[in-house]
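> Please find one structure pasted underneath; my questions will follow.
The values are calculated or read from the model by the stated rules, or taken from the named source; none is laboratory data. It should be emphasised that the depicted structure is a prediction, and the values quoted were computed from it without experimental measurement. A quick note on method: Cβ atoms are made from the backbone with ideal geometry, for glycine too, and the neighbour counts reach across all protein chains shown. Heavy atoms of the whole protein, side chains included, go into the accessibility calculation; ligands, DNA and RNA do not. Shrake-Rupley method; radii C 1.70, N 1.55, O 1.52, S 1.80 Å.
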Amino acid sequence: MGVEGGMKCVKYLLFFFNFIFWLCGLTLVVLGVLVQVAVHNTVVINNVSASSAPIVLIVVGVVVFFIAFFGCCGAWKESYCMVTMFSLLLGLIIITEIGNFGPGTNSVPDSCCVNDTAGCGQGAMEDSSKVHQMGCQTVVEELLKKNIMWVIVAALVIAFLQIMGIIFACMLMRGIRSGYEVM
């Protein structure tokens, strides 16, 4: 027996939004591969520090892809287990986003080195003879400071969508569970 009434609306909303996120995850994976090919003319990653942008895109894409898969398929099939897994994984993502991960070492990516060789960025953050002093971090920080209102709006929208995803998943879990108790 499937969910009835308002739970059908929750089910289809959860399915629809997770299907969109599933497509976004797939797009990020493809984009990461395309960036890797455009920058290095090969799909094979030979130097991890030189391929950090494609790796980040691919990893984030795979994570989004699988979490959205649990939400999408769990909602469509009304699978209590899959919807629960989706809710737990989304909760872990929120906890991870809230956590303040600071730099733990004095290292920089090898691409920041004046002479880009493997391991050249280890412990060299303050050494101006080894690494470029005007790096990406400063430029990104300045860009974020200029557009702080948009950053705050984007963060609030993402947080709202994630929390609504958890709420809808919990509502659907309850609807699925109550449907099983009737049988």
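> How about region 48-60: which of its residues are outside any helix (DSSP H, G or I) and open to solvent by 60 Å² or more (accessible area, probe 1.4 Å)?
VAL48, the sole residue that qualifies.
> Going residue by residue through region 106-129, is there one that turns out to be part of a helix (DSSP H, G or I), at pLDDT 75 or above, open to solvent by 80 Å² or more (accessible area, probe 1.4 Å) and at negative phi?
No, that holds for no residue.
> So, ILE67, is that one loosely packed, with under 13 Cβ neighbours inside 10 Å and either in a helix (DSSP H, G or I) or among the basic types (Lys, Arg) (or both) or not?
no
> Please verify whether region 12-34 includes one or more residues that are within 17 Å of ILE167 (Cβ to Cβ), hydrophobic (A, V, I, L, M, F, W, C) and loosely packed, with under 14 Cβ neighbours inside 10 Å.
Within region 12-34 (the criterion being within 17 Å of ILE167 (Cβ to Cβ), hydrophobic (A, V, I, L, M, F, W, C) and loosely packed, with under 14 Cβ neighbours inside 10 Å), the answer is yes, since at least one residue qualifies.
> Can you confirm whether VAL151 is in contact with a Leu (Cβ under 6 Å, 6 or more places away or on another chain) and either open to solvent by less than 100 Å² (accessible area, probe 1.4 Å) or assigned to a loop (DSSP other than H, G, I, E, B) (or both)?
Yes: the conditions hold for VAL151.
> If you don't mind, there's one more thing I want to ask. Which members of region 71-90 meet the condition of being in contact (Cβ under 8 Å) with a residue 40 or more places away in the chain, among the hydrophobic types (A, V, I, L, M, F, W, C) and buried (at least 18 other Cβ atoms within 10 Å of the Cβ)?
Result: CYS72, ALA75, VAL83, PHE86, LEU90.
> If ILE95 meets every condition in (1) open to solvent by less than 60 Å² (accessible area, probe 1.4 Å); (2) not in a loop (DSSP other than H, G, I, E, B) apart from one, which number is that one?
So ILE95 meets the others, but not (1).
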